[in-house]
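Input: a single structure, listed below in structure tokens.
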Amino acid sequence: MKSIKVFDYFQKFSYDDVSKPTSIGAFISFLAICSIIFFIFFELFEFFSLHLKKDFIIYQEESSKSKIEVYFSLDIPHSPCSILSVDQEDKLGIHKTNIVANITKKRISKADQNAILPPIVPHKTDELLKALNEDEGCLIEGFMEVNKVPGNIHISFHPYRNVFENLFENHKEEFKKLRLMHKFNYLSFGDKNIPLEELNSFSIYPHTKMPDFINNDNKEPNYDYFIKIIPHLIRNEADNTIKLNYQYSLSFGNRNSEEKEMAMIMINYDMSEVTTLITKKKRNYTHFLTNICAIVGGIYVIFSIINKIVLNMFDFSQKEF
């Protein structure tokens, strides 16, 4: 019992001002030390962990940065590249059809997926019919610049309406094979050069799994995407850097149309008026040391009070008996 009492940091003082260790005091001292160690480790964990501050601001960009890049890649397994068109329009009145700059279309052969097929002319009916009979698909990927206003990007057969109508009227069997079932491999906005690990460190997790409509039964041949683009300013106080990143919320669905109506993949986008500012805060050493002192002092005072109360109760019970 004497060996336990040496750990009493709340020793009882007798009437002649001589301290006297007790077993109760040693036990409370042990609890106090455990509490101090626990809270110090907790404070250390907080000190070395990521500390982010999130604010919502109205961010005014320079007029020279009025455009945003859109990067995309999608597989369309049941439609030849030759009659697929990537179009774009927005609220400023911009309307571009059959965009080819920075966009590639790769023919996908069901017989040989690694085959590099030369492009075919859509108005050459024989080649087009052959591609449809062989269930040839298309991989479309690339990027384009769009204005930061509401708009849409749509993929369909619009520039080849006469070819589409010719198929509908004269080649019914091949026409029924023309479908826009698809799968997005990726869809992103803005700078692609910010590493994913850096974004994750700011608790930003971009879309990695996109909708897959390849297994759709095609009863509703039109596909609609509604995208809200949300600017994110990520600021690192450690190296005083600020980067602009764009994330988005996504909803989607498909709808029916008349048989002769031209189906399409419609990507509607809009910019959020509010920018999310995420700041990675630097940890303050003086604040950390102050917290450690507060933990040690506060726990010592609290357990001193507990020790005094317990000893008084013990002495009172001893006198009663």
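The values are calculated or read from the model by the stated rules, or taken from the named source; none is laboratory data. Computed from a predicted model, the values in this text were never measured in an experiment. Cβ sites come from the backbone with ideal geometry, for glycine too, and all protein chains shown count toward neighbours.
Listing for the model above:
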quantity: In the stretch 279-299, the residues that are assigned to a helix (DSSP H, G or I) and modelled with pLDDT under 85; calculated: Y285, T286, H287, F288
quantity: Conditions (1) surrounded by 15 or more Cβ atoms within 10 Å (Cβ to Cβ); (2) outside the structural domain of E165 (by TED's automatic domain parsing); number of the one not met by N268; calculated: (2)
quantity: Qualifying positions in the stretch 79-109 - assigned to a loop (DSSP other than H, G, I, E, B) and more than 28 Å from N133 (Cβ to Cβ); calculated: K91, L92, G93, I94, I99, A101, N102
quantity: Extreme residue, nearest to I227 (Cα to Cα), among residues of the stretch 180-214 that are touching a residue at least 24 places away in the same chain (Cβ under 8 Å) and aliphatic (A, V, I, L, M); calculated: L187
quantity: Residues of the stretch 60-70 that turn out to be in contact with a Lys or Arg (Cβ under 8 Å, 6 or more places away or on another chain) and crowded, with 16+ Cβ neighbours inside 10 Å, as a count; calculated: 1
quantity: Of the criteria (1) surrounded by fewer than 14 Cβ atoms within 10 Å (Cβ to Cβ); (2) under 23 Å from Y71 (Cα atoms), which one I204 fails; calculated: (1)
quantity: Subset of the stretch 43-55 (residues that are surrounded by 12 or more Cβ atoms within 10 Å (Cβ to Cβ) and either touching an Asp or Glu at 6+ places or on another chain (Cβ under 6 Å) or aromatic (F, W, Y) (or both)); calculated: F47
quantity: Residue match in the stretch 72-86 (condition: in contact (Cβ under 8 Å) with a residue 24 or more places away in the chain, surrounded by 13 or more Cβ atoms within 10 Å (Cβ to Cβ), within 19 Å of the chain's Cα centre (by Cα) and farther than 21 Å from I278 by Cβ); calculated: yes
quantity: Hey, E273 without any contact (Cβ under 8 Å) to a residue 40 or more places away in the chain and in a loop (DSSP other than H, G, I, E, B) or not; calculated: no
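Here is a yes/no grid of residues against (1) in contact with a Phe, Trp or Tyr (Cβ under 6 Å, 6 or more places away or on another chain); (2) modelled with pLDDT under 90:
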{"site": "N236", "(1), (2)": "no, yes"}
{"site": "L244", "(1), (2)": "no, no"}
{"site": "S249", "(1), (2)": "no, no"}
{"site": "R255", "(1), (2)": "no, yes"}
{"site": "E259", "(1), (2)": "no, yes"}
{"site": "V274", "(1), (2)": "yes, no"}
